[in-house]
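Heads up: the structure comes next, in structure tokens.
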Amino acid sequence: MSKKVGIARAHTNIALIKYWGKRDKDLFLPMNSSLSLTLDAFYTDTKVVFDDALTADAFFLNGQKQSEKENKKISQFLNLFREYTGERRFACVESLNFVPTAAGLASSASAFAALALATATALDLDLSREELSTFARQGSGSSTRSLFGGFVEWDMGTGTADSMAHPIDDADWDIGMIVLAVDTGKKKIASREGMEHTVQTSPFYPMWVETAARDLQDIKDAIAQRDFERVGQLTEHNGMKMHATTLSANPPFTYWTADSLRAQEAVRQVRMDLNLPAYMTMDAGPNVKVLCRASDMDYLVAALKEYLQAEQILTSLPGCGAYVLLETDWQESERSFSRGVEHD
Ligand code: PMV
């Protein structure tokens with residue numbers, strides 16, 4: 001009676017049409033709808049235990065107790081569920097990130113999607129994945145999309161109840177993604193601050209909102225037609241436009257480093273040399289992600305090794321949506337996590 005447990009896994013996702021800017025900061029309502037690809041190779045497992053015996057929430061990431069600041073973020077997120085259900089107990093949250101440290105990928109998308117599903121499971125909530133995505137959204141916008149697999153749209157909605165994600169296509173048609181992890185250090189400008197500054201100061205920002213809506217419609221049409229090249233062209237164009245808004249912010253900033261530009265150049269060179277379709281996108285950090293055909297991935301990786309170190313190149317196929325794990329799965333996750341750490 002005194003404990004309620006929920007465990008879940010969610011994969012990370014990479015936006016092809018970016019979420020960039022909020023119209024409501026407190027509710028995490030976006031300025032534009034976005035669309036992503038969920039990735040199989042990178043995920044977070046999270047266990048939530050509501051327990052009578054606890055006097056405060058506690059948060060452990062990869063076995064390490066987290067700072068007050070991180071703890072507070074998790075507590076505030078759990079409050080959404082406590083308010084919704086009337087639950088009064090505190091919880092212990094344990095997360096294991098199966099994102100290779102070398103990937104340098106933001107893990108907030110998989111983290112809040114896994115936390116939302118684990119919490120809902122612990123509290124026996126009967127919510128659809130769409131409804132659950134409205135909770136996840138209030139931890140991190142991009143996590144709405146990690147509740148689902150394949151190509152996923154986050155509809156900006158009209159308010160908090162309908163700003164939710166839904167699946168578009170399970171992406172089982174020769175799609176892959178290569179991550180060029182050029183810099184794995186912590187982000188210098190968090191996405192939250194970067195987008196807010198951009199909304200407030202970039203004269204290009206209204207154009208971003210306008211063209212993102214068009215890009216979204218076009219990419220959905222291209223996905224429906226399984227037109228890979230069109231999906232890729234729209235992905236690359238949309239990502240570059242997002243980054244153009246940071247360069248036009250005042251004062252200007254960029255997530256790109258010299259290594260990002262070198263990686264971009266490598267992609268341009270390799271796709272020209274091999275004459276294969278491969279399209280870049282970047283998020284609020286320096287790493288470059290490349291959308292390609294799964295069947296071309298080995299050739300592209302081999303060619304990219306001429307320009308980058310092997311351990312900087314990671315690959316993934318499309319991943320599935322978030323799902324509930326059993327206690328035995330969790331124990332297995334803990335074992336494979338500690339094996340992974342030992343091998344690092
Ligand atoms: O939800 P956040 O804070 O992880 O912001 C994500 C912002 C981008 O990664 C740049 C774009 C996106 O849609 O994921």
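Derivation of every value follows stated rules applied to the coordinates shown; laboratory data play no part. Keep in mind that what you see is a predicted model, and the values were worked out from it rather than measured. Cβ atoms come from the backbone with ideal geometry, glycine included; neighbour counts cover every protein chain shown.
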>> Over the Cα atoms of region 42-181, each weighted equally, I'd like the Debye log10 I(q)/I(0) at q = 0.18, 0.19 Å⁻¹, rounded to two decimals.
In response: -1.06, -1.16
>> Please identify the DSSP H helices in the chain that span no less than 18 Å along the helix axis (Cα) and have a mean Kyte-Doolittle hydropathy of -1.0 or more.
In response: 108-122, 205-224, 228-247, 258-274
> aspartates and glutamates near Lys47 by alpha-carbon distance under 15 Å, same-chain residues fewer than 8 away left out - which ones?
Replying inline: Asp57, Glu94, Asp124, Glu327, Asp329, Glu332, Glu334
>> Could you check the spin-label model distance between Asp52 and Lys305? Points 7 Å from the Cα along Cα→Cβ, value in nm.
In response: 5.9
> Quick one: length gained pulling Cys320 to Ala213 fully straight, 0.36 nm per residue minus the C-alpha distance?
Replying inline: 36.0 nm
> What is the order of Thr328, Thr201, Thr245, fewest Cβ neighbours within 10 Å to most?
Replying inline: Thr328, Thr201, Thr245
>> If you wrap a convex hull around the alpha carbons of the chain, what volume per residue comes out, as a whole number of Å³?
In response: 131
> On the first, second and third principal axes, largest extent first, how far apart are the outermost C-alpha atoms of region 117-178 in Å?
Replying inline: 38, 28, 19
> Going by how many other beta carbons lie within 10 Å of each one, how would you line up Cys292, Cys92, fewest first?
Replying inline: Cys92, Cys292
>> Past the 22 angstrom mark, what percentage of all C-alpha to C-alpha distances in region 11-125 do you count?
In response: 40
> So how strong a dipole does region 175-316 carry about its Cα centre when Lys and Arg Cβ are +1 and Asp and Glu Cβ are -1, to the nearest 20 debye?
Replying inline: 200
>> Please list, by residue number, every one of the chymotrypsin sites (Phe, Trp or Tyr not before Pro) in region 133-179 that is coil in DSSP and has at most 15 other beta-carbon atoms within 10 Å.
In response: Trp173
>> Of Gln217, Pro203, Val231, which is farthest towards the positive pole of region 175-316's charge dipole, taken about the Cα centre with +1 and -1 on the beta-carbons of Lys, Arg and Asp, Glu respectively?
In response: Pro203
> For the chain, what is the percent of antiparallel DSSP beta bridges, rounded to the nearest 5?
Replying inline: 95
>> I need the GluC sites (Glu not before Pro) found in region 285-332, filtered to DSSP loop residues with at most 16 other beta carbons within 10 Å of theirs.
In response: Glu306
> Which of the pairs Lys25/Lys241; Lys18/Lys73; Lys73/Lys305; Lys18/Lys305 have their Cα atoms more than 30 Å apart in this structure?
Replying inline: Lys73/Lys305
> If you wrap a convex hull around the C-alpha atoms of region 175-316 and split its volume per residue, what is the figure in Å³?
Replying inline: 108
> What's the percent breakdown of Cα-Cα distances in region 271-344 across 10 Å bins, shortest bin first?
Replying inline: 14, 34, 29, 20, 3
> So how do Arg192, Arg88 line up by other beta-carbon neighbours within 10 Å, fewest first?
Replying inline: Arg88, Arg192
> In debye to the nearest 20, how big a dipole does the chain give about its Cα centre with +1 on each Lys and Arg Cβ and -1 on each Asp and Glu Cβ?
Replying inline: 860
>> Can you give the FRET efficiency to the nearest 0.05 for Asp172 and Leu274, using r as the Cβ-Cβ distance and R₀ = 22 Å?
In response: 0.35
> Where is the GNM fluctuation largest for the chain (alpha-carbon springs, 10 angstrom cutoff): Asp24, Asp170, Asp259?
Replying inline: Asp24
